[in-house]
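The block underneath contains the structure these notes are about, expressed in structure tokens.
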Amino acid sequence: ASCTQGGCRRLDLSGNTRNCFLTGSSNCYTNLICRGQRCLLNVSNTKVYKNAHHSSGGFCFQHAQSFGEKTAALRISSVGQLPQHFSAWNFQSIRCFRTSPSFQAVPFPFFWIIVKPIQKLFAILLGRSIRKWWKALPPNKRELLKESARKNKWKILLGVSSLGVLFVVFYFTHLEETPITGRPRLLVFRKEHFRELSEIEYVMRMEEFEGKILPETDARHQVVEAVFGHLSESNEDIPQISALKWVIHVVDEPGVNAFVLPNGQVFVFTGLLNAVSDLHQLSFILAHEIAHAVLEHAAEKASLVQFLDFLSLIFLTMIWAICPRDSLAVVGQLIQSKLKEFMFDRPYSRTLEAEADKVGLQFAAKACMDVRASSVFWQQMELAEAIQGQPRLPEWLSTHPSHENRAEHLDRLIPEALKIRESCNCPSLSGPDPRLIFKLNMQHLLELSKGQETPNSTKQDLSNPKLDFPHI
């Protein structure tokens, strides 16, 4: 997270930032306001006006083109403040936020797509054949084989141990250090393969979102492109960032979602723009997605799953060989699959998400954003789910950390991120802590709801939310 020459960009978007709306009304304009000599949003066809009402002598970027089509509103409010329409009785439906596409959408190598089902089918047929062969043996031959196995148990044990040693050697010979964090990880598939195959994924995504991609002239696209461009320029000292050609796609979808393909194709849903409260939160989410691409999480996750799947073939063969009936073997195979998923796959996915949060926070700090707003976003998401009465699943059932744990994790990382921000000679954060503002807004919301029956009150209890922020 060190800042080399050219790696930092000065940007003042403190708590005094004025409100900015992207509305669908033809009488409204896009107001993107920032302070300081270097401003974040430098879009085409933009006029610069001196803001006479801004006490610090900042500048206002005002887009001269009105919008004829109806668009979803993105409110860029004061840091950490809840939008005016944010209430328990009038809240837009927000889907569960995922900062990356589901693992099934990750572009896998072609040979894996072909070989993986064949491997499982071979293991099932092999185990079933062993079971039928054993049943067809006369009792005396079974006893002879058992006796032979007891006599040669050390040879059998040596063979099994040798196979285990091969797996261990393969694992340690394919370990690499993760960029930036230096964490050792298994990497079977090369990132070059994933970038090539991500072109196929890109074509599939473009077909999926056909007719929903916003044009580059749309203000929402320009906002995302400007924020993303500022992040990439501020972190151009990272080779993985400067080497990629980043392309922005804003998808007109209500889901609160964003993801980046390994080849640099960025997809942001308009539902995310409706969910963030300010540019700082949007910057952190985009930095999180950049971190996924820089850390090569797609290739890492695919490598781990392939390694575990290959190991599970041995157990799959044993299940079909030992179980007396096919129905019991199917149950055993299902149990094995679920155990692998909940004991290895999902916890590993949560680890990668936490790592992307940490590195993304560093990227946002080097871009001189208010990193304190990062945890506020996840608290807003937690509050949104509580208001809607959505069931709160245990974290171990999810591929992502819970909103509450995510906010707490970011709170622990914020002091370090603030030091990085200071080392980049960023302007000081003159505004109040957005976490404190969110806490005060929550208290005000609870006072308004006191004495009134809240929707889904039998499912959720909003009377005692967790509002502790240790770093305020």
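The values are calculated or read from the model by the stated rules, or taken from the named source; none is laboratory data. This one's a predicted model, so the numbers in the text were calculated from it and none came from an experiment. Here the Cβ is made from the backbone with ideal geometry for all residues, glycine too, and neighbour counts use every protein chain on show. Surface accessibility is based on the protein's heavy atoms, side chains included, excluding ligands, DNA and RNA. Shrake-Rupley method; radii C 1.70, N 1.55, O 1.52, S 1.80 Å.
Need at least 2 residues that are buried (at least 20 other Cβ atoms within 10 Å of the Cβ) and within 16 Å of the chain's Cα centre (by Cα) per element, so show me which strands (runs of 3 or more DSSP E) inside segment 228-277 make the cut, counting only ones lying wholly within it.
Output list reads 258-260, 265-269.
Would you confirm whether any residue within segment 399-406 is closer than 27 Å to residue 187 by Cα and among the charged types (D, E, K, R)?
Yes, segment 399-406 contains a residue that is closer than 27 Å to residue 187 by Cα and among the charged types (D, E, K, R).
Within segment 300-308, does at least one residue satisfy the condition of being outside the structural domain of residue 132 (by the TED database), under 15 Å from the mean Cα position of the chain (by Cα) and not acidic (Asp, Glu)?
The answer is yes, given that some residue of segment 300-308 is outside the structural domain of residue 132 (by the TED database), under 15 Å from the mean Cα position of the chain (by Cα) and not acidic (Asp, Glu).
Do any residues in segment 283-304 that are on the phi > 0 side of the Ramachandran plot have Cβ atoms under 8 Å from those of residues that are open to solvent by less than 10 Å² (accessible area, probe 1.4 Å) and outside any helix (DSSP H, G or I), where the two are at least six apart or on different chains, and which pairs are they?
Note: pairs meeting the criteria are 296/178; 296/187.
With 415, 427, 347 as the choices, which residue is open to solvent by 10 Å² or more (accessible area, probe 1.4 Å), in contact (Cβ under 8 Å) with a residue 40 or more places away in the chain and not in a helix (DSSP H, G or I)?
427
Can you pull out every residue in segment 281-293 that is touching a helix residue (DSSP H, G or I) at 6+ places or on another chain (Cβ under 6 Å) and either open to solvent by 10 Å² or more (accessible area, probe 1.4 Å) or not assigned by the TED database to the domain that holds residue 257 (or both)?
292
Give just the number: which of (1) surrounded by 19 or more Cβ atoms within 10 Å (Cβ to Cβ); (2) out of contact with any helix residue (DSSP H, G or I) (no Cβ under 9 Å at 6 or more places or on another chain); (3) small (Gly, Ala, Ser) does residue 182 not satisfy?
Status for residue 182: all satisfied but (1).
Does residue 369 satisfy being outside any helix (DSSP H, G or I), of a type in the set (A, V, I, L, M, F, W, C) and either open to solvent by 40 Å² or more (accessible area, probe 1.4 Å) or under 24 Å from residue 229 (Cβ atoms) (or both)?
So residue 369 fits the description; yes.
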